[in-house]
Amino acid sequence: MDILVTGTVLGGTYALIALGLTLQYGVARIMNLANGENLVLACFCAFWLYTAASINPILGILIIAPAAFALNWAIYVFAMKPLVDRAKNRGQLEIDSILATFGLMFIMQGVMLLVFGGQYFSYNFLSEPVRILGENYGLNRIVSLGAATLIAIALYVFLYRTRFGTAVRAVSVSPQSASLVAIDVPRMSAFAFALGGGLTAAGGSLLSTYYTFNSSMGVIFTMKALIIVIMGGVGDVRGAVLAALLLGLAETAVASLIDPGLTLAATYTLFILVLLFRPQGIFGRQTA
Amino acid sequence: MNSAPLLSVEKVRKAFGGLVAVNDVDFTVKQSELIGLIGPNGSGKTTMMNLISGALKPTSGTVRLAGEVISDMPAHRIAQRGVARTFQLVRILPSLSAIENVIAGAVFGHVRAWGDDAYREAEVLLERVGLGGRGNVPTGSMTYIDQKRLELARALASNPRLLLLDEWLAGLNPSELKIGIELIRDLREDGRTIIMVEHVMDAIRSLCDRCVVMSSGVKIADGSVHDVLSQPEVVSAYLGTEDA
Amino acid sequence: MERRTLIKTFAASLLASAVLAGPAMAEGTIKIGASAPKTGPLAGGAAVTYWPAVQLWVNDVNERGGIDVGGEKMKVELIEYDDRTSNEEAIKNIQRMATVDKVDFIIPPYGTGINLATAPLIAKYGYPHIAVTAVADGIEGFTERWPNSFWTLGTSEAMASSLVDVLTKMREAGQINEKVAVVNVADAFGIELANTGKPKLKEAGFDIVYETSYPLQQQDFAPIISGAKDAGPDTFIAFSYPGDTFGLTKQATITDLPVKAYYVGVATAFPAFAQANGAAANGVMGVGGVNAASEAYQDFAKREVEVTGVAPDYWASPVQYASLEVLEQAITKAGSLDKAAVIEALGSETFETIMGEWKFEDNIIKKFWTVGQWQDGVFHGIASTGVGGEFEPIVKSGWN
Amino acid sequence: MSLMNEKEQRIAAIALMLFGAAAMIPFADDGYYLSLCVNIVMYAVLCTAWTLFSGPTHYISLATAAFFGIGTYSVGLGIDTLPFPLLVAIAAVASGVLAGLVGVATLRLSGVYFVIFTLGLAELVRQVVTWLQVKFLGSVGLYVFTDMTEKHIFWMLLALAAVVYITGWLVNRSRLGFALRIIGNDETVARHVGIDVARAKVILFMISGAFIGITGAILAPRFAYVEPPSAFNPVISFQVVIMALLGGTGRLWAPLLGVIPFTILFDRISASFPNHTSLLIGVAFMAIVYFLPRGVMGLIDDFRARHAKSRHAAAGVPEAAE
C-alpha cells in the first residue's frame, strides 16, 4: 500500500517532467534535448519569484508558464523552423533537431551558469507532512501531484475534446494529411512546441518546491523524460502519464522489495522491455 | 509437366486486424509456367505477392517452393531459395550506379557471384534488358522505363527459380509497353517461371499460360486466360462495384 | 537580471577573458593555474567549495600587495580552466597550464577521481599537489607514489571511525540506544565510508538494523526512509552525496523519522542545506565540520560572501582556502618560485592558516575535522582528529 | 580485381606518410599539444568506429559510453593480474559480445527508438556495473597504475586508428560492405535480394563496439582511477555522434574532418573563455548545424561538384558522364 502511494507520488513527478516533451516531440517532431534545461530554468524562476517577490510557486506557474510558452515559441520560430523547412525527411529532421537542441542545451546551461552560478538551490514551501493511509508524505509533493493531475486532465480535455486540440493531434499523426484538411501545420507545430515548453516550465515550478537543483542538472531530467515519452508512445498524453506512473511504481517497488541499488537499473530494464515488445508505446497502435 | 509444382500456395490467409486481405487462397505454379495474377484494385494481389516473397508472413496456411515450406522463412532466405521480385512502385538503390544495382541482385541471392564474375554477368543482363553500356549512369537521371528495366535486371541477376513481377508494366506508354511485353516474352521463352500481377489485359492475354483471379481476398477463378475471362464471376468482379 | 545588463555583463566578461588570455604579462607576477569543473555533474559542489575560495585567496593576496618571494612582493595572476567534470579535459588543462601557460603553481582539481587522474602529470612537471577535495583511503600509498602530493581533508577511515566514536559517547551517555540504520550512495566516497563504518559500529557494540546502498542520481528516498523507520533505530547514518543528502533529509522530515541521531554525508556542511531544511536541519550531523565559532572562520566566511557573493561551506571551503595560504607561506619560506624548494618547505615547515596551525606529517594533515552538526543555524565541528574546539553533540529532537 | 587499384595505392601511400608523421608528434612535444593530440586520436577512433556502423545503416547509436566503459573496466579489473595486451583483447571481446546482444535485441527498432534504446542501455550497463562492484568488490574505484605515459597511449591509439581504417577499408570492399550500402539505400530491397539484414547489422555493430571497447581499454591507464561515472560518461556518446555527424558519415575518413576542427575549436573556447564554455560551445554548435547542414564532408562535396561541373562545362562533357 505504502509502495502504491509513494510510487504514485513519484510517478506524478515524472509525469510533470515528461508531459511537455511528449508534445514537443510528438507534434512538433523536435526531440528537444534542452527540455531539461527549460525545466531547471523554471525551477530558478520559481525560486526567484518565491524568495525575491514572495510569490507562491503554484501561482508562479501563471507567470512562468506563459513566459516559457513565449520563449519556446520564439525558439521554435527562430531556431527550429529553418531546420523543419530544410529537412527532406523525418530522419533528417531528427538528426538536425538532436544536434541543434544539443547546442541549445549548452547555451541555456551557460546562461543559467552566468546568472545563477553553479551552486545548489532549494527553498522551503509547504514542506510539512500530511498523513495518508498511516504514512507521512510531503504536502508539497501531494500538492504538486494534484496540480499535475489537473494539468494533465486539462491537457487531455484540450487535446481530445476541442477542435483545436484535435487539429494538434492530427498533426501528430500525420503532418501531410493534416495539411490536406486545411490545418496550418507549421503554426500548429509552433503552438505544440510552445505549449510543451510551457508545460515543462509548469512542471519545473512545481518540482522546485521539493527538489534541490542547480544549473547543470537538466540532463538528468531530459533523460527521464525521453524514457517516459518513448514508453508512453510519442505524442500520447495518456501514455506518458501512464508510463510515468508505471515507472514511479516500479522504482518504488524495486527499491522497497529488492534493493535500492537497482532502482535505476529497473527503470532502464522496464524501458528496454517496453521498447522491445511494444515499440509503439503503451497505448500506441501497431502500424502495418 | 506432371512433375510436382514449383510453387504451391495452400490455404493462405492474411488478416490485418479485422480486415482479411487474403482469404484461404490456394493455387500452384508449375516449372516454366507464366501465370497472371489479376483482379480489381484492393483484391489482395500485391498482398499475395508479399506473402510469397516473404515481405509479409501469412496468418495461416503455407507456401511451398519445390516442396519446401518457405512461408515461415524471412524474406532474405526466400530470396536465397530462388524467389526474386520487382516492386509495384519501382525501387532503385539511388546511391548505387546502375551496374551496382544489378550486381546487388547477384551477390546474395540464389546463385551467388562476386567480384569480376558478378560484374561481367551484370553487364550481360544490362544488355539483355536494353541498358547495354549504361552501367555507370547515375540512376537518378534514368527514365521510368529504364528504372523498371534496371529493377528487372536486378531480379534476374540471381538467376531465380521463380520471378515475381508486381505490375511491372504499369505506367508505361504504348511504345514502352510493347518493348516491355517483348522482354517478358523473351524470359518466358528461356523457360523462366513467372508470376505477374497485372492490370494491362493485353499483356495478360498475349503472355500468360494461365490466370488466377482474385476479388476481395478470395480466389474466384483459376484456368486458361480465355476461359477465365469469360466466367461470369470474373466479369462481375471487374464490372461490378469496382472498375479496373 | 535584465536582458540588456545580462548581455553587457556577458560582453564585458568575454572581453575580460580575452584580455586575460593575451600573452602580455606584467613583470613580477606569479602565474597560478586552476582547473576544476564549472560545468558537469561536479560543478554544483565546485561552485560552493572550490572556485569561491580560490577567488577569495587571489583577491586577498593581491590586496596585500602580493606574495613575498625573497623580499619581493609578487602579485598573483590566476589562470582558470573548466574541466567540464571530465578526465580528458582535466588532463589537457594540466598539460596546458604546465607547458603552454607555464604557470608557476597549480591549484589541483576538484574531486577524488580527477585529482588521482591528474596526479601523475602534476608529479611529472614537479608541481606541488596540495589536494583538498579528495577523500580516499590509501593516501599513504599516494604520497609514496607522488612525493609532491599533500593531502589535507582527511581519510574516509578517520571520518567513519570518528563518527562511531561520537555515537558511542552518546550511547554511553544514555542519549541513544544501540540500534542504527546505515545507508550509502554507491559511489567511491559512500562505499569507503560504509566499508569502514559498519565493522566499527559492530565492534563498538551497535546493532545495524537496516542497511542498503542506492545509486548516484537516485531521486526518490521514500522507500529507504520508511525501511529505516520500520526497523526502529535511534540512529540513522547515510554516507551520501549532495543530491541524496538533500533528498534523504527532506524525506526524513516528512516521514518524521523518529531518530535521536541523524547523520548525512557530503553537502550537509553546505549553507544550502540549512536553507533547504530550515528548522529541520537542527541537530543534523554530517561529514566535515569546522571550528565555526572561531574568529578566523567567521572572518573568512564574511569576506568570501563580500568578495565572491557565495557563502562558504563548513568543511572543505576553509580547507581549500587554507591550502592556498599554505602554498603562499611555503613560497615565502622557500624564498623562491622553485617548485622543488616549495615542496621541500611544504613538507617540513609549519603554517598559520584559518584552520589553525598546519604541519604536514608524511605529506598528510593528520588533524582534521570529521563530524559536524547543525546547531542553531551553524554547522559546528563536533569531532576531529585532534584539532581542538569541538562542540558537544546534541540529541536530534524532532524535525520542526 | 587486383588488391588495390592505382588510386587506392596513392591513398594508402599518403595515409602511411600521415601516420608516420603523426607518430613523430610525441618527439616534438610531450606536453599540452600531445595531450590534445591524444584527445583527437581518441575521438577519431571512436567516431570512425561509430561511423562504420552508423554511416551505412543510419542508426544513431548512443551506446558508445557502454562499450567504452566496458573496455576501461576490463583493464581496471584485471590490471593487477593479467598482462595489458590480453586485457585489451578481453575488452574487445567483451564489448563485441555486448554489441552482439544489443544488436540481436534491437533489430525491430528503428530511428529514434534505437537512439533512446542505446542511451538507456549505456545507463543500464553503468548501473549494473556499479551495483555489482558495490555488492561483490566492496568499492567502486579501481586503480590502474602502469608505467605508461601520454606518448605510449598516443602510439597505441594511433596504431588502433590504423587498424580501424584498414578494417573499414576491407569491410567496404567486401560483400558485407556492399550489403550495407544496399541496406542503407533500401532495406526492403536488401531483404529481397537475399541479404540477411539483421545479421549484417549485428556483425557491423559488433566490429564497431569492439573497437570502441579497445579505445576504452587503452585509455584506462591514462586516468589512473576508474569509476563508473567517468568510465560510462554519457557525454562521450554524445560527443562522438556530434563530431561524426559534423564531419560527415558518408566516407570512412569523413569523421576525421569533424574531429580535428571541433576538438581544436572546443579547446580554444575552453582555453580562452573558461567561464563561458557552455554558452560558446552551444553557440558554435548551433552555428554549425545551421551553416554546415551536411557536415564538413558535405561542404567538400559541394565544392567538388561545383568544381567538376565547371570543368565539364568547359570541356563540353555532359554531366551524366561524371
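Every read-out reported here was derived from the displayed coordinates using simple, explicitly stated rules and does not represent laboratory data. Keep in mind that this is a model prediction, so the values were computed, not measured. Here the Cβ is made from the backbone with ideal geometry for all residues, glycine too, and neighbour counts use every protein chain on show.
See the values below:
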{"read-out": "Other-chain or far-sequence residues with amide H under 5 Å of residue B:218's (modelled H)", "value": "B:23"}
{"read-out": "Coil-residue chymotrypsin sites (Phe, Trp or Tyr not before Pro) of the range C:162-252, DSSP, other Cβ within 10 Å capped at 16", "value": "none"}
{"read-out": "The range C:325-357 residues near the modelled residue C:29 label - backbone nitrogen below 18 Å, point 7 Å along Cα→Cβ", "value": "C:337"}
{"read-out": "Per-peptide average of other Cβ atoms within 10 Å, ordering A:38-46, A:219-227 highest first", "value": "A:38-46, A:219-227"}
{"read-out": "Spin-label proximity, residue B:226 to the range B:168-195 - amide N less than 20 Å from point 7 Å beyond Cα toward beta carbon", "value": "none"}
{"read-out": "Alpha-carbon centroids, the range A:224-258 and the range C:134-156: separation in whole Å", "value": "44 Å"}
{"read-out": "Karplus-derived 3J(HN,Hα), 6.51/-1.76/1.60, for each residue of the range A:147-159, Hz, glycine and proline x", "value": "4, 4, 4, 4, 4, 5, 5, 4, 5, 4, 4, 4, 6"}
{"read-out": "Per-pair calculated FRET efficiency, R0 = 60 Å: residue D:302 and residue C:336 via Cβ, rounded to 0.05", "value": "0.55"}
{"read-out": "Rounded to 5, the percent of DSSP beta bridges in chain C classed as antiparallel", "value": "35 percent"}
{"read-out": "Pairwise centroid distance, computed over Cα atoms, of the range A:167-201 with the range A:1-67, Å", "value": "21 Å"}
{"read-out": "Sites residue A:150 and residue B:189 - FRET efficiency at Förster radius 60 Å, r taken between beta-carbons, to 0.05", "value": "0.20"}
{"read-out": "Calculated from backbone phi, Karplus (6.51, -1.76, 1.60) coupling profile of the range A:79-89 in Hz, x at Gly/Pro", "value": "9, 8, 4, x, 5, 4, 5, 8, 5, 7, 8"}
{"read-out": "Helix-only CD estimate at 222 nm, as mean residue ellipticity for chain D, using -39500 (n - 2.57) per DSSP H run (n ≥ 4)", "value": "-25500 deg cm²/dmol"}
{"read-out": "Dipole of the protein assembly as shown, positive direction: furthest Cα of D:256, D:125, D:298, with charges on the beta-carbon", "value": "D:298"}
{"read-out": "Rg in Å to one decimal, and Dmax rounded to a whole Å, for the protein assembly as shown via C-alpha atoms", "value": "34.5, 118"}
{"read-out": "Computed helical MRE - 222 nm, chain C, DSSP H runs ≥ 4 contributing -39500 (n - 2.57), nearest 500", "value": "-13500 deg cm²/dmol"}
{"read-out": "Length added when fully stretched, residue A:163-residue A:133, from 0.36 nm per residue minus Cα-Cα", "value": "6.7 nm"}
{"read-out": "B:199, B:110 arranged by Cβ crowding within 10 Å, fewest neighbours leading", "value": "B:199, B:110"}
{"read-out": "Cα gyration tensor shape of the range D:6-251, rounded if a/c is under 1.5, else prolate or oblate by comparing a/b with b/c", "value": "oblate"}
{"read-out": "Restricting the range A:70-123 to trypsin sites (Lys or Arg not before Pro) in coil, as DSSP defines it, with at most 15 other Cβ within 10 Å", "value": "A:88"}
{"read-out": "HN-Hα J in Hz across the range A:137-144 - Karplus 6.51, -1.76, 1.60, θ = phi - 60°, x for Gly and Pro", "value": "9, x, 4, 4, 5, 5, 4, 5"}
{"read-out": "Per-residue Cβ neighbour rank within 10 angstrom, fewest leading, A:200, C:152, C:212, C:245", "value": "C:212, C:152, C:245, A:200"}
{"read-out": "Fewest-first sequence of D:135, C:339 by Cβ atoms within 10 Å of each Cβ", "value": "D:135, C:339"}
{"read-out": "Average beta-carbon neighbours from other chains, 10 Å sphere, peptide C:80-91", "value": "6"}
{"read-out": "18 Å reach of a label modelled at residue B:89, 7 Å along Cα-to-Cβ, counting backbone N of the range A:134-176", "value": "A:174-176"}
{"read-out": "Shape call, the range B:55-135: gyration tensor on alpha carbons, a/c limit 1.5", "value": "prolate"}
{"read-out": "Cα-projected label distance for residue D:235 with residue D:29, points at 7 Å along beta-carbon direction, nm", "value": "2.2 nm"}
{"read-out": "Euclidean distance between Cα centres, the range C:356-392 to the range C:52-89, Å", "value": "26 Å"}
{"read-out": "Pairwise label distance in nanometres, residue B:173 with residue B:26, each label 7 Å out on the Cα-Cβ vector", "value": "4.7 nm"}
{"read-out": "For residue C:391, distant residues with modelled amide H under 5 Å away", "value": "C:381, C:382"}
{"read-out": "Tensor-based shape of the range A:211-254 (alpha-carbon gyration tensor, a/c under 1.5 rounded, otherwise prolate or oblate)", "value": "oblate"}
{"read-out": "Per-residue mean of C-beta atoms belonging to partner chains within 10 Å, peptide D:97-106", "value": "1"}
{"read-out": "Cβ-based net charge around residue C:195, under 14 Å, with every Lys or Arg adding one and every Asp or Glu removing one", "value": "-2"}
{"read-out": "Distance in nm between pseudo-label sites at residue D:97 and residue B:15 (7 Å out along the Cβ direction from Cα)", "value": "4.4 nm"}
{"read-out": "Computed [θ] at 222 nm, helices only, for chain A once each DSSP H run of length n ≥ 4 contributes -39500 (n - 2.57)", "value": "-24000 deg cm²/dmol"}
